[in-house]
Amino acid sequence: MKKVYPDAAAALDGVLFDGMTIAAGGFGLCGIPELLLTAIKEAGTKDLTFASNNAGVDDFGIGILLQTRQVKKMLSSYVGENAEFMRQYLAGELEIEFNPQGTLAERMRAGGAGIPGFYTKTGVGTQVAEGKEHKDFPTGPQGEPETYILERGIVADLAVVKAWKADDTGNLIFRKTARNFNPPAAMCGKICVAEVEEIVPRGSLDPDNIHLPGIYVHRLIQGDHEKRIEQRTTRKREDV
Amino acid sequence: MPWDRNQMAERAAQELEDGMYVNLGIGIPTLVANYVGDKEITLQSENGMLGMGAFPYEGEEDPDLINAGKQTITELSRTSYFDSATSFGMIRGGKIAAAILGAMEVAENGDLANWMIPGKLVKGMGGAMDLVAGVGRVIVVMDHTSKHGDSKLLKECTLPLTGTGVVDRIITNLGVLDVVEGGLKIVETAEGVTEDELRAATEATII
């Protein structure tokens, strides 16, 4: 089966529908599937639920889908950088379910690994724990009980992710901290579409260094990425 | 004289031992890295990196290399990268020895509030809840009192919690306190600050 598609629109053909749940990789603007998000905007798919750590900025990342009112709900850990997001949220036009960052990542990983739920200490005694099953386990230093909450795995209708390199079978390699949420997001999608900077011939990636095996990737495109920097911080070269 | 930001960071750096893997929060905690001296401290960035380096030189910024505050950074010879699920696996699994974090409020039982103020814009907790629930030791660095002079060390937190009973040690501009059975215990005071002055500025029970 051929996984490589000519462009983002072709790769998403037939997999989008109104009201669907999409898991997206990326942290801030780093490692986001910018080409696929643009194609979802152009497709006009509505009432989307996004599982994504962040919501982009006003004119980049998931932010572009907020401008067109295509997003109904976000499952995120931090949404600070997006004024349009805040406007829609305060006006009651957008739902948000805050997830602790590690809980969100594990919910994706678990969903993709056939685990419908898991117990975690994260969020016990906070707003995050409200309405969730609580259970004690004898995990204390001397075997004393500690309280955990049940969090559920996420299975998304579609995952959109960004990697650095792929071979034509969808084996993926990420670069530096652009890996972030991309592997767990890819794993939890019923269908996963990946965009990469370069597709190389099979045999040219080291099998011992594949970050995400191609079994998780159903469709693939190569494209040019803007890779915008959100906060450019530098130091001066010391005078010699 | 109470400690300034850099002196608080310098004091917090004394909490770190050679070989530790540590997560530093945003603000004063970030400054702690400037005071570790010869100790080999490996900084974790929860977006998926161990061995965080300094900011890059101008012109060498890499959009694929940022820290959890979304700032461009650099790698070290011992750096490793991993995905977010693995990153929080090492946090939740207690592999990270310590987190040094800022706070809005700490209660005498170790409750911590640092993620939202009701009525103000809610941006989200990011990785704060995972960190305080998972790492070996939670060290809070913050001003002892608010701008209005109110104690930030309370009998009970008034803001929504980030975690319950999670704080081990608090370093403020007035001194160092540990969370112990029955309240807070003074470990030391900043040079020129008396125990009486520290007590007077504290609402929480000091035993």
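Enter the mean number of other protein chain beta carbons within 10 Å of the beta carbon of each residue in A:93-101, as an integer. Mind dumping the intermediate values first?
On the way: counts 0, 0, 0, 2, 0, 8, 4, 15, 15.
For this peptide, the per-residue mean of nearby foreign Cβ atoms is 5.
Take each of the peptides B:140-146, A:112-118, average the number of other beta-carbon atoms within 10 Å over its residues, and list them starting from the highest.
Numbers: B:140-146: 21.3, A:112-118: 14.1.
Listed from highest to lowest mean packing, they are B:140-146, A:112-118.
Mind checking the mean number of beta-carbon atoms from other chains within 10 Å of the Cβ atoms in B:174-185?
Working: counts 0, 0, 0, 0, 0, 0, 0, 0, 0, 0, 0, 0.
The shielding value for this peptide is 0.
Out of residues 5 or more away from A:LYS162 or on other chains, whose amide H comes under 5 Å of its own, with H placed 1.01 Å from N in the peptide plane?
A:GLY25, A:GLU195
For the range A:172-179, just list the computed ³J(HN,Hα) in residue order, Karplus coefficients 6.51, -1.76 and 1.60, θ = phi - 60°, integers in Hz, with x standing in for Gly and Pro.
10, 10, 9, 10, 6, 7, 6, 6
Take every DSSP beta bridge whose two residues both sit in the range A:110-235, then give the antiparallel share in percent to the nearest 5.
On the way: 11 of 25 bridges.
Just about 45 percent of them are antiparallel.
Considering only Cα-Cα distances, which of the following residue pairs are longer than 27 Å: A:LYS162/B:LYS39; A:LYS73/A:LYS162; A:LYS2/A:LYS162? Don't skip to the end; give the middle numbers.
Details: A:LYS162/B:LYS39 37 Å; A:LYS73/A:LYS162 22 Å; A:LYS2/A:LYS162 19 Å.
Those over the limit are A:LYS162/B:LYS39.
I need the P(r) histogram for the range B:1-57: all alpha carbon pairs, bin width 5 Å from 0 out to the longest distance, whole percents.
Calculated P(r), rounded to whole percents: 4, 19, 29, 25, 15, 6, 2, 1.
Provide the per-residue ³J(HN,Hα) series for the range A:122-133, in order, calculated from phi with Karplus coefficients 6.51, -1.76, 1.60 and θ = phi - 60°, each as a whole number of Hz, with x at glycine and proline positions.
Once rounded to whole Hz, the list reads 4, x, 4, x, 10, 4, 4, 7, 4, x, 9, 5.
Rounded to the nearest 5, what is the percent of antiparallel bridges among the DSSP beta bridges in the protein assembly as shown? Please list the in-between numbers first.
On the way: 32 of 79 bridges.
Antiparallel bridges: around 40 percent, rounded to the nearest 5.
Of the options A:ALA83, A:TRP164, A:VAL128, report the single residue whose Cα projects farthest towards the positive end of the charge dipole of chain A (beta-carbon charges: Lys, Arg +1; Asp, Glu -1).
With unit charges placed on the Cβ atoms, the residue in question is A:TRP164.
Provide the three semi-axes, in whole Å and in decreasing order, of the ellipsoid equivalent to the protein assembly as shown as defined by the square roots of 5 times the Cα gyration tensor eigenvalues. Mind dumping the intermediate values first?
Details: eigenvalues 310, 117, 83 Å².
After scaling each eigenvalue by five and taking roots: 39, 24, 20 Å.
Using the Cα gyration tensor of the range B:106-150, with a ≥ b ≥ c the square roots of its eigenvalues, what is the shape: rounded (a/c below 1.5), prolate (a/b larger than b/c) or oblate (neither)? Don't skip to the answer; put the middle values down first.
Values: a/c = 2.32, a/b = 1.16, b/c = 2.00.
In terms of gyration-tensor shape, oblate.
List every residue whose amide H lies under 5 Å from the amide H of A:ASP167, counting only residues 5 or more places away in sequence or on a different chain, with H placed 1.01 Å from N in the peptide plane.
A:VAL200
What are the residues whose amide H is under 5 Å from the amide H of A:CYS192, where those residues sit 5 or more places off or on another chain and H is modelled from the backbone?
A:ALA159, A:HIS218, A:ARG219
At a threshold of 8 angstrom on Cα-Cα distance, excluding pairs fewer than six apart, so keeping six or more, what relative contact order does the range B:86-132 reach in percent? Show your work: numbers first, answer last.
Details: 27 pairs, mean separation 16.2, N = 47.
Here the relative contact order equals 34 percent.
If we sort B:35-46, A:191-202 on the protection proxy, mean other Cβ atoms within 10 Å, highest first, what's the order? Intermediate results must be reported in sequence, preceding the final value.
Values: B:35-46: 17.1, A:191-202: 19.4.
In decreasing order of mean packing, B:35-46, A:191-202 become A:191-202, B:35-46.
Peptides B:81-91, A:172-182, A:149-159, A:82-92: what's the order by average Cβ count within 10 Å, highest mean first? Don't skip to the answer; put the middle values down first.
Details: B:81-91: 23.4, A:172-182: 26.4, A:149-159: 21.0, A:82-92: 15.6.
Highest to lowest by the protection proxy: A:172-182, B:81-91, A:149-159, A:82-92.
Pull up the cross-link candidates among the lysines for B:LYS155, meaning alpha carbon to alpha carbon under 30 Å and not fewer than 8 places away within one chain.
Once the sequence-local lysines are set aside, what remains near B:LYS155 is A:LYS121, A:LYS132, A:LYS135, B:LYS120, B:LYS123, B:LYS147, B:LYS185.
Do you know the relative contact order of the range B:1-69, to the nearest whole percent, from alpha carbon pairs under 8 angstrom that are 6+ apart?
Values: 67 pairs, mean separation 19.4, N = 69.
Dividing the mean separation by the residue count of the range B:1-69 yields 28 percent.
Pick out, from A:ILE215, A:THR233, A:ILE191, the residue whose Cα sits farthest towards the positive end of the charge dipole of the range A:187-234, with +1 on the Cβ of Lys and Arg and -1 on the Cβ of Asp and Glu.
Going by the Cα projections, it comes out as A:ILE191.
Using only the Cα atoms of the range B:97-181, what do you get for the radius of gyration and for Dmax, in Å?
In order Rg, Dmax, the Cα atoms of the range B:97-181 give 12.0, 35 Å.
Along each of the three principal axes of the Cα atoms of the range B:14-173, give the extent in whole Å, ordering the values from largest to smallest.
Principal axes ranked by extent give 45, 34, 29 Å for the Cα atoms.
For the range A:68-222, just say rounded, prolate or oblate: build the C-alpha gyration tensor, square-root its eigenvalues into a ≥ b ≥ c, call rounded for a/c under 1.5, and beyond that prolate if a/b exceeds b/c, oblate if not.
Values: a/c = 2.54, a/b = 1.37, b/c = 1.85.
Oblate, since a/c reaches 1.5 and b/c is not below a/b.
What relative contact order, as a whole-number percentage, does chain B give when Cα pairs under 8 Å and 6 or more residues apart are counted?
Details: 454 pairs, mean separation 42.6, N = 207.
For chain B, the relative contact order is 21 percent.
Would you tell me the mean number of C-beta atoms belonging to other protein chains that fall within 10 Å of each C-beta in B:45-52, as a whole number? Walk me through the intermediate numbers first.
Numbers: counts 2, 5, 12, 13, 4, 0, 0, 1.
If you average over the peptide's residues, the count of other-chain Cβ atoms is 5.
Within the range A:88-109, list the residues whose amide N lies under 19 Å from a label point set 7 Å along Cα→Cβ of A:ASP18.
It comes to A:93-95, nothing else.
With each pseudo-label sitting 7 Å past Cα toward Cβ, what's the B:ILE207-B:ASP178 distance in nm, one decimal?
Output for this residue pair reads 1.2 nm.
Report ³J(HN,Hα) in whole Hz for each residue of the range B:136-152, in order, from the Karplus equation J = 6.51 cos²θ - 1.76 cosθ + 1.60 where θ = phi - 60°; Gly and Pro get x.
x, 9, 10, 10, 9, 10, 7, 5, 5, 10, 6, 4, 8, x, 7, 5, 9
Only the coordinates and a few stated rules stand behind these numbers; no lab work does. Keep in mind that what you see is a predicted model, and the values were worked out from it rather than measured. Virtual Cβ from ideal backbone geometry, glycine too; neighbours counted across all protein chains shown.
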